[in-house]
Amino acid sequence: MKIIVLGAAAGGGFPQWNAASTNNARAFAGDPNFLRQTQASLAVSANGDDWLVLNASPDIRQQIIATPELHPKNGLRDSPIKAVVLGNADVDAVAGLLTMRERQPFAVWATTYVRRVILANPIFGVLDRSLVRFETAGHAFEPLPGLKCRAFAAPGKPPLYLEQIDGIGPAEGASIGLRITDASGKSLVFLPSCAEITPDVVAAIDGADVLFFDGTMYTDDEMIRSGEGQKTARRMGHVAMTGTGGAIEGLRRVKAGARYFVHINNSNPVLNRASPERKAIEQGGWRIAEDGMRIDV
Ligand code: MLT
Ligand code: MN
């Protein structure tokens with residue numbers, strides 16, 4: 001299985017267009033210790049020719065341009081991207097579908113909840129339904145030959161723009177994690193949004209060869225302390241990396257091969273490659289995903 005990190009940042013990207021904190025200012029300035037990152041997405045392939053994209057980020061056009069494997073190759077209209085799986089209906093996971101118009105056939109796999117949200121919005125009518133198939137992401141599906149997928153419920157909440165309607169509690173199908181297994185049995189777990197580490201989450205991750213896990217914030221209250229926001233990570237649907245109940249503690253005993261944090265918010269100190277926080281994460285056996293990383297497993 002080939003995995004490419006198309007984007008490593010959380011919603012808004014890094015730097016975020018209106019963010020002036022030191023992290024963001026250094027990234028705007030091009031400081032090599034603060035590498036710019038696009039919004040979270042992975043590309044996965046079993047054969048190196050046909051690709052599955054996990055989450056259609058608003059940056060997908062830039063991500064495709066930066067990734068030769070995803071360039072059109074044959075004839076006048078073509079894309080190696082044959083399927084997209086959506087983990088939730090957040091803007092940073094679905095807005096890229098709008099870029100994927102232009103009469104190109106591919107399949108979109110999503111839960112009933114996410115599909116309903118997308119199809120209720122007339123702007124997604126730009127995807128010609130005679131070419132773009134909407135399929136149900138469930139317990140067992142195969143979006144590309146040789147890549148078996150299992151969707152599992154991720155503790156989370158409806159998208160920010162639906163909180164007024166659907167509330168801030170769990171909603172069935174609002175957020176899923178994915179476990180993808182190739183023909184040789186190698187497996188990838190992608191869980192960029194996870195509000196709590198439950199026994200079910202631990203079980204879903206256990207034994208994965210490669211894990212990409214929610215690394216939105218370093219500490220639960222980092223945006224409150226810095227004055228950048230009023231919400232904790234958890235209120236936004238994300239466990240913090242550190243602290244009680246955080247990802248590092250909660251996943252300490254899980255069997256997993258390479259562990260990457262992904263969906264990293266622009267407030268997170270680990271975006272500074274020279275920071276003590278980054279060093280602490282790496283010494284703990286985790287890596288910080290960055291745009292353009294390639295992993296063969
Ligand atoms: C999140 O991951 O919390 C969301 O993407 C936030 C947002 O929609 O801006
Ligand atoms: Mn997000």
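Solvent-accessible surface (1.4 Å probe) assigned to THR242 amounts to roughly 40 Å². A dipole drawn for the range 153-204 from +1 and -1 charges on Cβ atoms has a positive end, and of ILE176, VAL202, ALA154 the residue lying farthest that way is VAL202. Report the residue, chosen from GLY207, GLY215, GLY75, that carries the largest GNM mean-square fluctuation when the chain is represented by alpha-carbon nodes joined by springs under 10 Å. Sorting by GNM fluctuation, first place goes to GLY75.
For the chain, what does the relative contact order come out to in percent, with C-alpha contacts under 8 Å and a separation of six or more?
Numbers: 701 pairs, mean separation 57.0, N = 297.
So the answer I get is 19 percent.
Could you compute the net charge surrounding ASN268? Neighbours are other residues with a C-beta less than 10 Å from the C-beta of ASN268; K and R count +1, D and E count -1. Mind dumping the intermediate values first?
On the way: positive: ARG278; negative: GLU222, GLU277.
Counting the neighbours of ASN268, the net charge comes to -1.
Residues whose amide H comes within less than 5 Å of that of VAL108, counting only those at least five positions distant or on another chain, are VAL84, ARG133, PHE134, GLU135 (H built at 1.01 Å from N in the peptide plane). Estimated at 0.36 nm per residue, the fully extended path between PHE152 and ASP206 surpasses their Cα-Cα distance by 18.2 nm. The calculated 222 nm mean residue ellipticity attributable to helices in the chain amounts to -4000 deg cm²/dmol, summing -39500 (n - 2.57) over DSSP H runs of n ≥ 4 and dividing by all residues. Tell me whether the range 107-238 comes out rounded, prolate or oblate; compute the Cα gyration tensor, take square roots of the eigenvalues as a ≥ b ≥ c, and use a/c under 1.5 as the rounded threshold. It is oblate, given that a/c is not under 1.5 and a/b is not larger than b/c.
Keeping the other protein chains in place, figure out the carbon and sulfur percent of the accessible area of the range 88-155, with a 1.4 Å probe.
On the way: 1860 of 3280 Å².
Answer for the range 88-155: carbon and sulfur cover 57 percent of the accessible area.
Send over the Kirkwood Rh of the range 1-67, from the inverse of the averaged 1/r over different Cα pairs, rounded to one decimal Å. Before the final figure, lay out each step's value.
Details: mean 1/r = 0.0787 Å⁻¹.
Evaluated on the range 1-67, it is 12.7 Å.
Judged by the gyration tensor of its Cα atoms, with axes a ≥ b ≥ c, the range 8-122 is oblate; a/c meets the 1.5 cut and b/c is at least as large as a/b. Per-atom-type breakdown for the range 190-297 gives carbon and sulfur 48% of the accessible area (1.4 Å probe, protein chains only).
How do ARG253, ARG77 stack up against each other in accessible area, from largest to smallest, with a 1.4 angstrom probe?
Values: ARG253 215, ARG77 175 Å².
Largest accessible area first, the list is ARG253, ARG77.
Look at where the Cα atoms of the range 108-151 and of the range 6-23 average out, and the two centres are 27 Å apart. Using every pair of distinct Cα positions in the chain, the Kirkwood expression returns a hydrodynamic radius of 19.1 angstrom. Here ILE248 sits with roughly 40 square angstrom of accessible surface, probe radius 1.4 Å.
Among the protein heavy atoms, those of MET217 account for about 0 Å² of accessible surface (1.4 Å probe, every chain in place). Amide H contacts of PHE261: PHE213, ARG287, ILE288, ALA289, each under 5 Å away and 5 or more positions distant or on a separate chain (H built 1.01 Å from N in the peptide plane; Pro and chain starts excluded). Rounded to the nearest 5, the antiparallel percentage of DSSP beta bridges internal to the chain is 50%. What the chain shows is 44 Å² of accessible area per residue, with the surface traced by a 1.4 Å probe over protein heavy atoms. Remark: the range 138-145, residue by residue, has Karplus-estimated 3J(HN,Hα) of x, 5, 8, 8, 10, x, 9, x Hz, where x stands for each Gly or Pro and the curve is 6.51 cos²θ - 1.76 cosθ + 1.60 at θ = phi - 60°. Other residues lying with their Cβ under 15 Å from the Cβ of LYS2 contribute a combined charge of -3, Lys and Arg counting +1, Asp and Glu -1.
Per the Cα gyration tensor, the range 194-297 maps to an equivalent ellipsoid with semi-axes of 22, 17, 11 Å, ordered largest to smallest.
Which one, VAL132, VAL84, VAL114, has the greatest fluctuation when you compute a Gaussian network model over the chain with C-alpha springs under 10 angstrom? Comparing VAL132, VAL84, VAL114 in the GNM, the peak value goes to VAL132. Mind checking which of LEU86, LEU35, LEU188 has the largest fluctuation in a GNM of the chain, springs on alpha carbons under 10 Å? Maximum fluctuation in the GNM of the chain, among the listed residues, is at LEU35.
The values are calculated or read from the model by the stated rules, or taken from the named source; none is laboratory data. Nothing here was measured: the structure is a model prediction, and the numbers come from that model. Cβ sites come from the backbone with ideal geometry, for glycine too, and all protein chains shown count toward neighbours. Ligands, DNA and RNA are stripped out before the accessible areas are found, and what is left, the full protein with its side chains, is counted by its heavy atoms. Shrake-Rupley method; radii C 1.70, N 1.55, O 1.52, S 1.80 Å.
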